[in-house]
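The values are calculated or read from the model by the stated rules, or taken from the named source; none is laboratory data. This is a predicted model, so every value here is computed, not measured. Backbone-built Cβ (ideal geometry, glycine too); neighbour counts: all protein chains shown. Please note that ligands, DNA and RNA were not included when accessible areas were found on the heavy atoms of the full protein model with its side chains. Shrake-Rupley method; radii C 1.70, N 1.55, O 1.52, S 1.80 Å.
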Amino acid sequence: MDIDTENSRHRIVMGEIEALRIKRQQKLVDQPQPSLKRFTQQELNDEAFPSYKNLLVGRTRRIPTRQTIINIAEYLECTSEERNDLLLAAGFLPIQTELYGRSLERALEWAQQTMRSIPFPAMVVTHTQDIKGLNEPFHQLFEIPLDRSYDGLMNRVDLHFNSGFPIRSRSTFDKASFKQWEEHIINGIQAF
């Protein structure tokens, strides 16, 4: 990630955190907080993220880890939508198990953008196991046809068991690997 992109993401994440913090502070004017939180920058630094002030003043530009973003969201008593917006701003996947509507569209757009930018084989799969995109290295490695007729009509089970796709033979190299691949698929189907 280049410096400009990193600085831009830093500003976006800090803007999101500060907007939520100020929103919570303003809410205290109307009704006192039962846990006596004041939602100050110092309190956020003390309670949720010990390096928050360094991040705030720019001594560090490193985006907090996913777990730290979740801790900050918990401290700020975020709704699941606010927490997911904060995670997306920091470049992480949201936590919802079932996305729908505009949230699903935003998450898929972000995932597809990320998938297109990486040089490794990748696909975007929803919580219902539907495949919503394959990148070029994935198409090349597994010889998936590039025609768009498969869009939206394939899920992971179809991909692995469709006899028209050579993914099974390309993803295993010997009998032990093939056996392990089969077990993995069966476990995945059972878990789903």
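Quick notes on this structure:
- Cα gyration tensor shape for region 4-122, rounded if a/c is under 1.5, else prolate or oblate: oblate
- Stretching the chain fully between residue 6 and residue 114 yields a gain of 37.4 nm (0.36 nm per residue, less the alpha carbon separation).
- Residues of type lysines that residue 37 reaches as a straight line, Cα spacing below 29 Å, ignoring anything fewer than 8 places off in the same chain: 23, 27, 53
- Cα-based convex hull volume of region 23-83 per residue, rounded to whole Å³: 93
- Note on exposure: 136, 81 ranked by accessible area (1.4 Å probe, complete protein assembly) read 81, 136, with the most exposed listed first.
- Distance (nanometres) between label positions extended 7 Å along Cα→Cβ at residue 189 and residue 35: 4.5
- Shown are 37, 23, whose ranking by accessible area with a 1.4 Å probe and every protein chain present, most to least, is 23, 37.
- Using a simple spin-label model with pseudo-atoms 7 Å out from Cα toward Cβ, residue 23 and residue 161 lie 4.4 nm apart.
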